[in-house]
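Please read the structure below before turning to the comments.
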């Protein structure tokens, strides 16, 4: 979890997301809407004992406790969501106002620092690409494992996510998939379709083809070092390296194939 210095916490909770209702409030939230916001955005009960213990239970104190305890990725996601909510309620900061402009710059610098702190395993590339309940559960399960700092537990589900994603992308480009496909096989079909379409640098295609060999090895990891079977799990730091390597490639796909993801 990131360390947020007291003066930065004050800036976030009191200055940016404070309320005209007085100390202890956050924006215009009631207890009910505050709980609904965190449940809807993060699947978190903001009034859980871990966020209310040792203080008055006010919304501002619950937010402070949450930001203190959450991992960096979750804290940053919550702050960005609160920023968007505040804009929807009060209107966006006036960028012609120097104080407002400075606050905006300071806020996003803080969030970026939280996002890039060393304890974070990013899951921003793991996103929905179809309106499907199973996919929704899969994405949430991966995020829960990563938030619990258990990348080794997430590898099996990440493999399943990759199978579904490449199947989706292949079908979007007019190809066909089957139940007997391998992960590197589906990735290869997608890359072949991309190359046939043209317009991509040869070195990019070559790098993408290299990743198909990585996906081939990932099949082995999934079958022999994940929760897919009765296996001894991969060592935690090794699992993190594998997870971050896979998701780096997925991040590229998401950025270039944004129209094929649910916005």
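Values in this text are rule-based calculations from the coordinates and carry no lab data. All figures in this text were calculated on a predicted structure; none of them were measured in a lab. Glycine also receives a Cβ, built like all others from the backbone with ideal geometry; neighbour counts cover every protein chain displayed.
Using a/c under 1.5 as the rounded threshold, could you call segment 133-260 rounded, prolate or oblate? The axes a ≥ b ≥ c are square roots of the C-alpha gyration tensor eigenvalues, and prolate needs a/b larger than b/c, oblate otherwise.
prolate
Rounded to the nearest 10 degrees, what's the angle between the helix 133-147 long axis and the longest principal axis of the chain, both from Cα atoms, 0 to 90?
70
Cα-Cα pairs above 20 Å in segment 111-183: how many percent?
Above the 20 Å cut-off, segment 111-183 has 39 percent of its Cα pairs.
State the extension gain, in nm to one decimal, for the chain segment bounded by residue 235 and residue 3, taking 0.36 nm per residue of separation less the distance between their alpha-carbons.
Value of the extension gain: 80.9 nm.
What's the whole-number percent of alpha carbon pairs in segment 6-115 lying beyond 16 angstrom?
58
What value in Å³ per residue do you get for the convex hull of the alpha-carbon atoms in the chain?
164
How would you rank 243-253, 101-111, highest first, on the average number of other Cβ atoms within 10 Å across their residues?
In descending order of packing, they fall as 243-253, 101-111.
Going by the alpha-carbon gyration tensor, a ≥ b ≥ c the square roots of its eigenvalues, is segment 158-226 rounded (a/c under 1.5) or, if a/c is not under 1.5, prolate (a/b greater than b/c) versus oblate?
It comes out oblate by the Cα gyration axes.
How fast does segment 66-220 diffuse by Stokes-Einstein, in µm²/s, taking the Kirkwood radius from C-alpha pairs at 25 °C and 0.890 mPa s?
This corresponds to a translational diffusion coefficient of 132 µm²/s.
Show that you can apply the helix-only estimate: for the chain, add -39,500 (n - 2.57) for every DSSP H stretch of four or more residues, divide by all residues, and state [θ] at 222 nm to the nearest 500.
About -20500 deg cm²/dmol.
By count of other Cβ within 10 Å, fewest leading, how are 212, 74, 68 ordered?
68, 212, 74
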